[in-house]
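To keep things clear, I will list the structure first and then write my remarks on it.
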Amino acid sequence: MDLNSASTVVLQVLTQATSQDTAVLKPAEEQLKQWETQPGFYSVLLNIFTNHSLDVNVRWLAVLYFKNGIDRYWRRVAPHALSEEEKTTLRAGLITNFNEPVNQIATQISVLIAKVARVDCPRQWPELIPTLVESVKVQDDLQQHRALLTFYHVTKTLASKRLAADRKLFYDLTSSIYSFACSLWNHHTDTFLQQICTGDDAAAANSLERTLLSLKVLRKLTVHGFVEPHWNAEVMGFLHAVFERLKQFLECSRSIRAESICRDRLEKTIILFTKVLLDFLDQHPFSFTALIQRSLEFSVSYVFTEAGEGVVFEQFIVQCMNLIKMIVKNYAYKPSKNIEDSSPETLEAHKIKTAFFTYPTLMEICRRLVTHYFLLTNEELTMWEEDPESFTVEETGGDSWKYSLRPCTEVLFIDIFHEYNQTLTPVLLEMVHSLQGSTNVENTNAILIKDAVYNAVGLAAYELFDSVDFDQWFKNQLLAELQVSHDRYKPIRRRVIWLIGQWISVKFKSDLRPVLYEAIRNLLQDRDLVVSI
């Protein structure tokens with residue numbers, strides 16, 4: 001396909017392919033499909049989508065056809081594969097300028113460059129990374145951002161390759177650019193913090209976007225770019241710096257207005273910091289050992305003490321709880337029954353965990369989970385009142401525990417109680433004993449506390465098998481609570497029937513079942529409880 005003669009024709013057909021008229025659209029799509037395997041077609045598309053004077057919709061479509069062509073025809077073994085000569089020209093053209101003015105098109109160009117890099121970098125495209133590194137250093141804001149965006153997508157794609165040879169190439173790449181990536185991230189982070197202090201929201205928003213992108217690059221390099229990252233001082237230095245930066249960003253959130261253009265992006269960056277830690281722990285548990293103490297101190301401080309008041313938000317709390325949970329449950333940190341069979345790394349990690357989770361710390365975590373995070377919110381109570389079935393679906397697992405606060409708190413409670421049940425059983429039983437007898441229906445807070453404590457006893461049913469005489473509790477307390485008909489006692493009636501459901505397969509005498517069935521029959525008159533039963 002001759003570039004000069006074909007450009008006008010292809011441009012005309014692409015314009016027709018953006019039409020809303022199917023009589024114009026369909027023939028244009030058919031023609032474009034026929035051209036997909038024509039030599040020179042992708043060079044024409046490159047010229048079109050890099051021409052900023054053309055219609056945005058036409059340029060967008062040209063990018064999409066180019067991207068799809070990479071998937072189908074870029075590899076040498078593909079039918080109708082592009083020639084090596086054309087691919088060389090295309091690779092050079094893709095990184096000539098990073099000045100795309102339209103965000104959506106810039107993202108698509110970055111993605112398609114990453115797709116080419118997955119196949120060709122570094123062997124057939126050794127100049128890609130050096131070009132990107134130089135381009136993110138330029139002073140022009142637009143070029144710097146577009147180059148950094150491409151740098152991220154390329155890093156993300158190369159990090160996802162799993163063959164041993166590809167892993168080795170990514171390790172080599174990481175070792176060559178890690179120092180630069182760290183300095184780039186520090187530069188943009190410091191710039192953002194300075195600008196936010198001076199009240200320059202627009203400039204701060206631009207710097208924060210670059211901070212976010214450079215942190216995304218570092219996340220991929222840190223997690224996937226080293227075999228034993230704990231031996232690398234720069235890696236461990238970066239991970240320790242994450243905690244300091246997190247504190248700075250959380251403090252920043254105090255002064256940023258909710259409607260500020262920075263607010264949403266700031267929270268995304270804070271969450272990304274936590275993802276760096278979670279990913280690193282998942283991929284390198286033994287390298288994470290040096291970070292266990294600090295991670296636990298940080299997370300527990302912000303989630304279970306006054307330090308987090310006024311700065312934490314729901315998704316951040318979820319991420320901190322996930323971090324605590326992953327440390328508590330991590331099999332790499334659990335010694336074998338025969339201590340001699342455990343590695344020194346495991347014993348060291350276990351020692352750090354044991355030293356942190358003292359009785360006062362565990363007691364405070366348990367009490368805070370139950371009496372703060374387990375409490376039904378006003379939004380949940382309103383939802384229950386207005387739409388009981390949707391409320392039940394929402395509460396019983398509509399969202400993954402990793403991303404939603406209520407399931408996350410319950411999973412964390414189960415895991416900590418399982419791990420430290422001898423310490424926490426007396427704490428929970430004391431909370432139960434303090435709630436004996438029926439609760440004043442006028443005291444909404446007392447009702448919500450009892451609901452939360454009963455929830456905890458249900459979640460820990462298997463751990464409490466030897467400590468709770470459930471049959472006596474049912475006869476002396478729970479059965480009477482099922483019979484309290486006041487409308488404000490609804491949360492307790494619902495929770496008690498759920499609690500019995502948790503315990504019935506654990507410890508419940510068969511001769512008590514007729515009494516239970518009679519109580520359930522009476523509850524069937526209440527439409528709000530039918531779904532739970």
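The values are calculated or read from the model by the stated rules, or taken from the named source; none is laboratory data. Keep in mind it's a predicted model, so treat the numbers as computed, not measured. All Cβ positions, even for glycine, are placed from backbone atoms using ideal geometry, and neighbour counts span all protein chains on display. Keep in mind that these areas ignore ligands, DNA and RNA; they rest on the heavy atoms of the full protein, side chains included. Shrake-Rupley method; radii C 1.70, N 1.55, O 1.52, S 1.80 Å.
Remarks
- In Hz, Karplus ³J(HN,Hα) per residue of segment 120-130 (6.51, -1.76, 1.60; θ = phi - 60°; x = Gly, Pro): 10, 8, x, 4, 8, 9, x, 7, 4, 5, x
- Percent accessible area from carbon and sulfur atoms, segment 361-524, protein chains only, probe 1.4 Å: 49
- Net charge contributed by nearby residues that have their C-beta within less than 13 Å of Asp140 (K/R +1, D/E -1): 0
- Förster-model FRET efficiency, 41 Å R0, Asn440 and Asp264, C-beta, rounded to 0.05: 0.45
- Mean separation of Cα contacts under 8 Å, 6 or more apart, over the residue count of the chain: relative contact order %: 7
- Estimated vicinal HN-Hα couplings, Hz - segment 40-51 in sequence order (Karplus 6.51, -1.76, 1.60; Gly, Pro = x): x, 4, 6, 5, 5, 4, 4, 4, 6, 6, 8, 8
- Of the options (1) 216; (2) 140; (3) 152, only one is volume of the Cα convex hull per residue in Å³ as computed from these coordinates, and that is (1).
- Karplus-derived 3J(HN,Hα), 6.51/-1.76/1.60, for each residue of segment 183-192, Hz, glycine and proline x: 5, 4, 5, 4, 4, 5, 5, 4, 4, 4
- Solvent-accessible area per residue, Å², over segment 142-203 with all protein chains present [probe radius 1.4 Å]: 43
- Each label point was placed 7 Å from the Cα along the Cα-to-Cβ direction; for Phe313 and Ser336 their separation is 4.7 nm.
- Total charge dipole magnitude, the chain, about the Cα centre, Cβ charges on Lys, Arg, Asp, Glu only, Debye to nearest 20: 1080
- Peptides 58-68, 173-183 ranked from most to least packed give 58-68, 173-183, packing being the mean of other C-beta atoms within 10 angstrom over each peptide's residues.
- Backbone N within segment 345-381 under 13 Å of label point (7 Å from Glu228 Cα along the Cβ vector): 345
- For segment 174-226 versus segment 88-158, the inter-centroid distance based on Cα atoms is 17 Å.
- Approximate spin-label separation Leu163-Trp60, in nm, with each point projected 7 Å along Cα-to-Cβ: 3.6
- Between Asp387 and Tyr517, the modelled labels are 3.6 nm apart [label points 7 Å from Cα along Cα→Cβ].
- Whether segment 361-524 is rounded, prolate or oblate, judged on the alpha carbon gyration tensor where a/c under 1.5 counts as rounded: rounded
- Cross-link partners for Lys87 among the lysines, with Cα-Cα distance under 30 Å and sequence neighbours closer than 8 places in the same chain left out: Lys26, Lys33, Lys67, Lys115, Lys137, Lys156, Lys161, Lys168, Lys216, Lys220.
- Segment 168-323 shape via C-alpha gyration tensor axes, a/c threshold 1.5: oblate
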